[in-house]
Amino acid sequence: MTNYPDIYVLRHGQTEWNREGRFQGQQDSALTELGERQAKQQGDLLRDLKLDYETVSVFCSPLQRASRTASLAGLTAKPDPRLKELYFGSLEGRLKSETSHLIPDFDKDGDLIRHFNSPDGERFETMRDRCQSFLDDLNGPAVIVAHGITSIVLRGLWLGLDRQGMGALPIGQGCIYCLNDLQETVLDRVLT
């Protein structure tokens, strides 16, 4: 296992397309009211961690839903294109329920990596390489605001997991995935 700095990974809050069950990928839709509350909750969770932002860097995907989440969480984040979500090609914007037959094993439980089977979308190796590049460039602890699939690849690389292990990682919204001491813990609260 590679010895990476500590990272704190936030997935953007719920969006309109998340709620509708659409492939979002590198397209954007606005955060829902719930998504905005999730982002604010992540800010509360981060404040509880009492991170020293003199030594902790903050990065986010340049996509609007991630930068909006960072802002609502009270973060000033540096955009990094390597943190964009998986590109789904021609499926972006389409309902998952209407297109899942185009992706082999899409309905298979416990395998989030199946999303890399989009007919003309980004492949696992491409995303793995950009996430690896991002992790290799870290020179200290970091807060990262990204996306569901991007999150599992980043966290999986940090944890030394193979593709199958990555596919079993959760991608919840409104929580923080804390990776330190060679393990991952999840900080979460029930929204009221």
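The values are calculated or read from the model by the stated rules, or taken from the named source; none is laboratory data. All of these numbers come straight from a predicted model, not from anything done at the bench. So basically every Cβ, Gly included, is an ideal-geometry build from the backbone, and we count neighbours across all protein chains shown.
All but one of (1) more than 17 Å from the chain's Cα centre (by Cα); (2) closer than 16 Å to TYR8 by Cβ; (3) in a helix (DSSP H, G or I); (4) not aliphatic (A, V, I, L, M) hold for GLY140, so report the exception by its number.
Result: GLY140 passes all but (3).
Starting from the stretch 1-16, keep only residues that are under 17 Å from ASP28 (Cα atoms) and part of a strand (DSSP E or B), then list their pairs with residues that are at pLDDT 95 or above and among the basic types (Lys, Arg) whose Cβ atoms are within a distance under 9 Å, requiring at least 6 positions of separation or different chains.
THR15/ARG65
Kindly evaluate ARG19 against the criterion of being of a type in the set (Lys, Arg), out of contact with any Phe, Trp or Tyr (no Cβ under 6 Å at 6 or more places or on another chain) and in contact (Cβ under 8 Å) with a residue 40 or more places away in the chain. Break it down stepwise before answering.
On the way: of a type in the set (Lys, Arg): yes; out of contact with any Phe, Trp or Tyr (no Cβ under 6 Å at 6 or more places or on another chain): yes; in contact (Cβ under 8 Å) with a residue 40 or more places away in the chain: no.
For ARG19, the condition - of a type in the set (Lys, Arg), out of contact with any Phe, Trp or Tyr (no Cβ under 6 Å at 6 or more places or on another chain) and in contact (Cβ under 8 Å) with a residue 40 or more places away in the chain - is not met.
Criterion first (touching a His at 6+ places or on another chain (Cβ under 9 Å) and of a type outside the set (Val, Ile, Thr)) does LYS84 satisfy it?
yes
Here are some conditions: (1) of a type outside the set (Gly, Ala, Ser); (2) part of a helix (DSSP H, G or I); (3) buried (at least 17 other Cβ atoms within 10 Å of the Cβ); (4) more than 13 Å from the chain's Cα centre (by Cα). LEU179 meets all but one. Which one does it not meet?
Status for LEU179: all satisfied but (2).
Of all residues in the stretch 11-59, count the ones that are modelled with pLDDT under 95 and of a type in the set (Lys, Arg).
1
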